[in-house]
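**Q** For reference, the structure I am asking about is given below.
The values are calculated or read from the model by the stated rules, or taken from the named source; none is laboratory data. Just so you know, these numbers come straight off a predicted model, no measurement behind them. Here the Cβ positions follow ideal geometry from the backbone for every residue, glycine too, while neighbour counts run over all protein chains shown. We work out accessible area using only protein heavy atoms, side chains counted, and drop any ligands, DNA or RNA first. Shrake-Rupley method; radii C 1.70, N 1.55, O 1.52, S 1.80 Å.
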Amino acid sequence: MADTPACEIGDTRWFAQTRFPMPTPAAPPLDYEAIFRSTASAYLILDADLFIVEVNDAYLQATSRTRESVLGRHIFEAFPENPSDPQATGVRRLRESLQRVIQSRTADTVGLLQYDIPIGQPGQERFEKRYWSPVNSPVLDREGRLTNIIHQAIDVTARVASEIDLRVSEDRFRALSHATGDVIYRMSPDWAFMDQVDGRGFLKDRAARGEWRIEEYVPAESIAAVRQAIDEAVRTKSTFDLEHPVLRADGSRGWTVSRAVPVLDSRGNIVEWLGSASDVSARKLAEEQLQIANQKKDEFLAMLAHELRNPLAPIAAAADLMRLAAHDESRVRKVSEVVGRQVRHLIGLVDDLLDVSRVTRGHVDLDCVPLDLRTVIQDAIEQVHPMLEERRHRLVFHTTPFAATVNGDAKRLIQVVTNLLANAGKYTPERGEISVSLGQDRTHVSVVIRDNGIGMSPALIDHCFELFVQAERTSERAPGGLGIGLALVKSLVELHGGRIAAHSDGEGRGSTFTVTLSRIDDTATAGSSASATLAPALSRLRVFVVDDNADAAHMLAMLIDSLGYEASVETHPRLALERITREQPDVCLLDVGMPDIDGHALARSIRDATAEAPMLVAITGYSQPQDRSAALEAGFHEHFAKPVDSTKLAKLLSTLRPRSR
């Protein structure tokens, strides 16, 4: 500094002493001070001791300072470090750059530098975060000695802020991509190229930008539809939104909802497409299963209507015939037999429905005892014999000389074999061959039922144990049924810890069903139960029937009269309560589902109104275990499901005696 003449702040002599190129004498003199101060780039000039000797307007504007506040001050005094930022490095890095210039006598570029600037009045200053790209250049005299340093400060705050915003946006995009279960993808404007994609195990991964081959992601039969939707979105610059099949990463087929939006530049041109692909395979599968279930429901309702009409037709005809031939005892007896058979058929349909509901929900309790399956099969054959005889089938039973003992519920196992034999009989043309083979080894007992009937296709075999599944009906082949027999059989067999399998060599080649149960060594077998029959009454019981359905009430009363008892009828529950209190019957048969006062409330009222309550029997269309429990809790002694089993009713009444009055 000793060789450099001193100058005052703002003294223009500094410009005369610097080594700027001089114009030719012929040219007019240049006002370098005016040029320096008006240039758009931000400059300040330091002496060799880093004091500020000059500053231009652009620098003052960029730093929000006045000329008087910085001239003559040390640069780091005029622009101190941000005291609230302990991690600040602006002063240190700028000092290092200036020292390199002093030592090397060459220009030095810092690159990117965060250097916060104090804003506001003294004492009320706050620091504003700013980013710069400084360039420090030496000014040398003729002997090469450093006289000054020109400090150029390029304000890049806006650019850095944009870069930070972009980086934050990209970080958020990546975080969102990782947080969502969807596949996020980016496509070129014409969908010819795809950027790196994480397929999430759903779609094929892509490690880097490359050509998008649609056939790697879309099944061949769906390519045209997908391509058409893409082309339309590109043409209209609108959202691509399509649900379509896809080829999953493992090669299997799935479904996706793919949605992509175009990113446009300021001129409205597509820059890229940003999209997501959701895996909706599970939803589509559920929809397909729901559609199948809905179709099965419709088919079942149609079958149910058909099966209900079949027995109702002869019952309706029988009612007309009994009215026309009331005095023909022989004809009335035959008509009565027809009605009885059809009613039993209806009861069987309802029982099957209730059975399959209870079994599939696990609401069946098995009464398991040691059983000889030989006896079970014989009982089942006896039950289906009329049907097989009607269709003139030949039945062969291959048994074993030794007891085939299992632990099971006799009623339910008879039901299993009966259903399988009935199924074979229905789906075998007349004069068919049906065989039952009983076999056993050391650990298992097997029952094999074969027929030479219509057989099953492989597709039907896969679903034959599902609810409401039947072989196709035709006008020539209409065996009937609700399609629940095999589902019930499978559930009952599995409740016994066994298994069942179906086999067929194809349509028209018969079917085979094999039931396998665990064998036990105990040879004890369950005894047979005696069946009750309708017998005349030995005592003159007084029975009171209450049902809001007058026809049902009078028919039940007629049955009771025919058994030798005295029956009375009332269709209104309030009037019934008055009469029962007055007449004191021995037995009351009460319908549960009546208006005004239901059967449960009526039973409680009867108990409250009589000193000695009669035998109370609930008659109801609700026959689930919880319905029976509710009836007993209401005070009923017995619970009968409609239509009332006349044999059971006769047996109950035969055990009672008239009360003393």
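**Q** Taking segment 509-519 as the region of interest, how many residues are assigned to a loop (DSSP other than H, G, I, E, B) and open to solvent by less than 30 Å² (accessible area, probe 1.4 Å)?
**A** Number of matching residues: 1.
**Q** Would it be correct to say that Ile454 is at pLDDT 90 or above, open to solvent by less than 40 Å² (accessible area, probe 1.4 Å) and touching a strand residue (DSSP E or B) at 6+ places or on another chain (Cβ under 6 Å)?
**A** No: the conditions fail for Ile454.
**Q** Criterion first (part of a loop (DSSP other than H, G, I, E, B), of a type in the set (Gly, Ala, Ser), open to solvent by 50 Å² or more (accessible area, probe 1.4 Å) and modelled with pLDDT of 85 or more) does Gly506 satisfy it?
**A** no
**Q** Name the residues in segment 60-69 that are crowded, with 17+ Cβ neighbours inside 10 Å and at pLDDT 90 or above, would you?
**A** Leu60
**Q** So, in segment 116-137, exactly how many residues are at negative phi, open to solvent by less than 60 Å² (accessible area, probe 1.4 Å) and more than 57 Å from the chain's Cα centre (by Cα)?
**A** Final tally of qualifying residues: 8.
**Q** Of all residues in segment 217-259, count the ones that are surrounded by 11 or more Cβ atoms within 10 Å (Cβ to Cβ), small (Gly, Ala, Ser) and within 22 Å of Pro189 (Cβ to Cβ).
**A** 5
**Q** So Ile500 fits all but one of (1) at pLDDT 90 or above; (2) open to solvent by less than 50 Å² (accessible area, probe 1.4 Å); (3) touching a Ser or Thr at 6+ places or on another chain (Cβ under 6 Å); (4) among the hydrophobic types (A, V, I, L, M, F, W, C); what number is the exception?
**A** In the conditions (1) at pLDDT 90 or above; (2) open to solvent by less than 50 Å² (accessible area, probe 1.4 Å); (3) touching a Ser or Thr at 6+ places or on another chain (Cβ under 6 Å); (4) among the hydrophobic types (A, V, I, L, M, F, W, C), Ile500 misses (3) alone.
**Q** Only residues that are at pLDDT below 90 and open to solvent by less than 50 Å² (accessible area, probe 1.4 Å): list them for segment 367-380, please.
**A** Ala380
**Q** Can you tell me which residue in segment 386-411 is modelled with the lowest pLDDT, limited to those that are closer than 24 Å to Ala424 by Cα and surrounded by fewer than 13 Cβ atoms within 10 Å (Cβ to Cβ)?
**A** Looking at the filtered set, the residue picked out is Pro386.
**Q** Moving on. Please work out if Phe397 is more than 22 Å from Ser491 (Cα to Cα), in a strand (DSSP E or B) and touching a strand residue (DSSP E or B) at 6+ places or on another chain (Cβ under 9 Å).
**A** So Phe397 passes the test.
**Q** Quickly run through segment 415-437 and pick out the residues that are within 15 Å of Thr514 (Cα to Cα) and surrounded by fewer than 18 Cβ atoms within 10 Å (Cβ to Cβ).
**A** Within segment 415-437, Ser435, Ser437 meet the criteria.
**Q** Considering only residues that are open to solvent by 50 Å² or more (accessible area, probe 1.4 Å) and of a type in the set (Asp, Glu), look in segment 26-59 and name the one that is nearest to Arg145 (Cα to Cα).
**A** For segment 26-59, the residue satisfying everything is Asp49.
**Q** Right, here's the next one. Just checking, how many residues over segment 417-446 are touching a strand residue (DSSP E or B) at 6+ places or on another chain (Cβ under 8 Å) and basic (Lys, Arg)?
**A** 2
**Q** Got a sec? Which of Ala293, Ala260 is of a type outside the set (Asp, Glu), out of contact with any Cys (no Cβ under 8 Å at 6 or more places or on another chain) and in a helix (DSSP H, G or I)?
**A** Checking each option against the conditions leaves just Ala293.
**Q** Which one is modelled with the lowest pLDDT among residues in segment 200-216 that are open to solvent by 70 Å² or more (accessible area, probe 1.4 Å) and among the charged types (D, E, K, R)?
**A** Filtering segment 200-216 for residues that are open to solvent by 70 Å² or more (accessible area, probe 1.4 Å) and among the charged types (D, E, K, R), the one modelled with the lowest pLDDT comes out as Arg200.
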